[in-house]
Amino acid sequence: MADGRLRRAQADCLRHIETSRREQAVRDAMGEYLVNEIGQHYLQGELCVPTLAIVAAEEDDDSTAHVWCDCWIDWYTPAGDTLMSVSGGNHAGCMTLRLQPDGTLRVTDFEQTVDGAGNDASARRIFGSHYYIYSNVHSHNIREALRCQQLREYCRRHNLGYTHYKDYGWDPVPLTE
């Protein structure tokens, strides 16, 4: 009996590890796309850091996934221990990711909401049944909390000693937990 529970626990652990790897691969592919394809259209600083809020995800098969997301791209220039915001913007919609022959995931399509007066109508169309979640995630407070958390993790992963970020006209925000 104990052996059966141990095998089930080990199988659950392996499934969890594989799910975490897959989720990280999706986030990495999305971040790379945002930096390389979208970030290049903004006034550039020294660091380009995306903020990802995944609203929902569905897989068509083992090689294609659709991810509804509310993403932000921000360029920063360091000033002492603070990352000063240079430029950035919001990019929400549905990304299609496909498994490549080399085993990596890549964003192959990104249907984005439109700017201006048509934003809400396009968000309702693109997000569909996920719109309610999107509308909650798309709030300033949620965005800033995610931005701080993900920027802190970015600095940690890249061994960067920045302790604050600052938007023009605003006080510095600490990157502490």
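When DSSP beta bridges are limited to those with both residues in the chain, what percentage is antiparallel, rounded to the nearest 5?
Numbers: 37 of 40 bridges.
Among the beta bridges of the chain, antiparallel pairing accounts for roughly 90 percent.
Using Cβ contacts closer than 10 Å as the measure, can you line up Trp72, Trp170 from fewest to most?
On the way: Trp72 20, Trp170 9.
Going from sparsest to densest Cβ surroundings: Trp170, Trp72.
Quick check: Cα centre of the stretch 18-76 to Cα centre of the stretch 96-150, how many Å?
Using only Cα atoms, the two centres lie 9 Å from each other.
Tell me the mean residue ellipticity at 222 nm calculated for the chain from its helices only (DSSP H runs of n ≥ 4, each -39500 (n - 2.57), averaged over every residue, nearest 500).
Values: 4 runs with 66 residues, N = 177.
Rounded to the nearest 500, it is -12500 deg cm²/dmol.
Glu144 to Val35: extension gain in nm, 0.36 nm per residue of separation minus the Cα-Cα distance? Before the final figure, lay out each step's value.
On the way: separation 109, 0.36 × 109 = 39.24 nm, distance 1.88 nm.
Between Glu144 and Val35, full extension yields an extra 37.4 nm.
Report the label-to-label distance for Arg124 and Glu111 in nanometres (one decimal), using points 7 Å from each Cα along the Cα→Cβ vector.
1.6
Order of Tyr132, Tyr165 from fewest to most other C-beta atoms within 10 Å?
Details: Tyr132 10, Tyr165 22.
Ordered by Cβ neighbours within 10 Å, fewest first: Tyr132, Tyr165.
Starting from the exponent 0.38 and prefactor 2.2 Å, build the expected Rg for the chain from its residue count and divide its actual Cα Rg by it. Could you put the intermediate results ahead of the total?
Details: Rg = 18.4 Å, N = 177, 2.2 N^0.38 = 15.7 Å.
The reported ratio for this selection is 1.17.
Quick check: residue separation of Lys166 and Ala25 times 0.36 nm, minus the Cα distance between them. What number comes out in nm?
Working: separation 141, 0.36 × 141 = 50.76 nm, distance 2.92 nm.
The span from Lys166 to Ala25 would gain 47.8 nm if fully extended.
Go ahead and run the numbers for FRET between Asp102 and Gln44, Cβ-Cβ distance against an R0 of 30 Å, rounding to 0.05. Working shown, then result.
Working: r = 29 Å, r/R0 = 0.95.
About 0.55, to the nearest 0.05.
None of the figures in this text is laboratory data; all of them are computed from the coordinates on show. Everything numeric in this text was worked out from a predicted model, so none of it was measured. For neighbour counting, all protein chains shown are included, and Cβ atoms are generated from backbone atoms with ideal geometry for every residue, glycine included.
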